[in-house]
Amino acid sequence: MDVGKVICTEDASFFEVLEIINNNGLGIAFITNKLDQMCGVLTDGDARRHILKGGKLSESIQHSFNRDFAFGTDEEDLDTHRARLSDKIKILPVLNKDRKVVRYIRNESRNFYPVMMPDLSGGNELTYLLEAFSSTWISSQGPYIERFEKDFAAFSEKKYGVAVSNGTVAIHLALEALGVGEGSEVILPDFTFGATINAVLHSRATPVLVDVDPIRWTISPAAIEAAITPRTRAILPVHIYGQPANMDEISAIAEKHNLLLVEDCAEAHGARFKNRSVGSFGDINTYSFFANKILTTGEGGMCVTDSYELYRRMRQLRDHGMSPDKRYWHDIVGYNYRMTNLQAALGCGQLERINEILAKRKTVEDLYAKYLSDSPYVSLQRHFNDSHKVNWLVCITVDRRDDLIRHLKANNIDARPFFYSLGEMPIFAKYLHSNTHSRALGRSGLNLPSDSQLRESDIKTICHTITSFYEKPLHA
Ligand SMILES: *Cc1c(COP(=O)(O)O)cnc(C)c1O
């Protein structure tokens, strides 16, 4: 524990204290006077309220921090300190005789493990967000948007990025810009989140749902070939649960049949197939930055492409179809699919530390493998030599899946079933081509708590809860 990371002097500005709070990830700063004695606390909530009341970031915290605060002394024992923790007091400073901070204690016992939590602390996210806020460029113009588009396109190994309001409209915008609409068929996997097929339906094209590879869980190239008709215009593979689809075979099919290719990368930021980034293969590829995705802007999405023409067309469609050269002149029927500068500011902060985010997520996946790979009851998501998968949600397949989810929830461990076969749902059934493996996956798979704040001891507890469920006799 580095106490220095929590301490802020009373002559600091709100900007300085927020940097400290953001870096320590604790949501609080201990305020000290000139003699290094602790004289108060200031939380992220206090800072938010200051700003909402019209206060400035450059103002001193002097008259705004809380001088009445709970603390322990270094002469008391740990149990006495713990007894002072509560829902309101999550972190307790421990002071010596001179009122100097010697350490702090926090509520260590986590009583609920959610499947996902956004990882927002430690980088420049809050600083950029506040900068965008104070600049008053809070809508869809502002420097963060262009910066995020440029940097994210480079990350995805494409030339141009078009930031949009979410990952669903990103797919719709891509199809629309490519001219895929009424009368066209779009082949997509039966095993994906419903947003993928919804976007195809919004474009008025006809979705064709095909089966996935039983081991990779991504769209089966053989199933694509079997579904091609003279009306097929595009293939829309999804890199499901961080696993790259087989882009060699899919690109070859697209080329052979002269089809457009759009990759849905919503769950796979940073994944690679044969040392090329996902999102670098298709004509236009899409991402989502929803709060539970690997990189988040709250809500948000992005289209990436190498074509300047498609880039221009997407920008125009995103902005009401207005001509870029003549204001209020509409050449095409467009949409409002814009991202705000506030969202892009958050995105820039996230993207700066994407390698750290991915590494933390990989550690979580590795720890699950450490405690589950020997279990005869559990199969983990596979890794392949031809690609580099990333960890979005930790995935396992098991027998008696729904019973296991109930057992986990009873133990305060959140778990989610896999996506169901889309073709099994009445509203999408008429678009089904093949779904043998996707149906089986939809019944046997689940996602486990995957956020990067999980510690080894948490993961060990979760894994033990899983294995003990199967080791118990069935009707005990
Ligand atoms: C999340 C997701 C989307 C949609 O993204 P939103 O930003 O929520 O609209 C699309 N496709 C897949 C595979 C997803 O997981």
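Things worth noting here:
- Single residue of Leu209, Leu173, Leu188 found to be within 12 Å of the ligand (Cβ to nearest atom), crowded, with 23+ Cβ neighbours inside 10 Å and outside any helix (DSSP H, G or I): Leu188
- Region 212-245, residues that are of a type in the set (Ser, Thr, Tyr) and away from the ligand (no atom under 16 Å from the Cβ): Ser220, Thr229, Thr232
- Candidate set: region 139-170, residues that are out of contact with any helix residue (DSSP H, G or I) (no Cβ under 7 Å at 6 or more places or on another chain) and assigned to a helix (DSSP H, G or I); chosen: the one farthest from the ligand (Cβ to nearest atom): Pro143
- Going through (1) modelled with pLDDT of 95 or more; (2) open to solvent by 70 Å² or more (accessible area, probe 1.4 Å) one by one, Asp87 falls short only on (1).
- Count of residues meeting criterion [open to solvent by 30 Å² or more (accessible area, probe 1.4 Å) and not hydroxyl-bearing (Ser, Thr, Tyr)] in region 38-50: 4
- Residue match in region 259-272 (condition: assigned to a helix (DSSP H, G or I), touching a strand residue (DSSP E or B) at 6+ places or on another chain (Cβ under 9 Å), more than 16 Å from the ligand (Cβ to nearest atom) and farther than 17 Å from Val212 by Cα): no
- Qualifying position, being in contact (Cβ under 8 Å) with a residue 60 or more places away in the chain, under 27 Å from Glu10 (Cα atoms), open to solvent by 90 Å² or more (accessible area, probe 1.4 Å) and under 35 Å from the mean Cα position of the chain (by Cα), among Phe133, Phe112: Phe133
- Of residues in region 329-347 being part of a loop (DSSP other than H, G, I, E, B) and touching a residue at least 24 places away in the same chain (Cβ under 8 Å), the one surrounded by the most Cβ atoms within 10 Å (Cβ to Cβ): Met339
- Filter result for the condition that a residue is within 22 Å of Asp151 (Cβ to Cβ), surrounded by fewer than 23 Cβ atoms within 10 Å (Cβ to Cβ), modelled with pLDDT of 95 or more and more than 16 Å from the ligand (Cβ to nearest atom), over Asp283, Asp248: Asp283
- In region 291-305, the qualifying residues are those that are more than 12 Å from Ala174 (Cα to Cα) and either touching a strand residue (DSSP E or B) at 6+ places or on another chain (Cβ under 7 Å) or among the small types (Gly, Ala, Ser) (or both), and the one that is surrounded by the fewest Cβ atoms within 10 Å (Cβ to Cβ) is Ala291.
- Members of region 255-274 found to be free of Cβ contacts under 8 Å to residues at least 24 places away in the same chain and of a type outside the set (D, E, K, R), listed by number: Asn258
The values are calculated or read from the model by the stated rules, or taken from the named source; none is laboratory data. The model shown is predicted, which means the values in this text are computed figures rather than measured ones. Cβ: placed from backbone, ideal geometry, glycine included. Neighbour counts: every protein chain shown. For accessibility, only protein heavy atoms count, side chains too; no ligands or nucleic acids. Shrake-Rupley method; radii C 1.70, N 1.55, O 1.52, S 1.80 Å.
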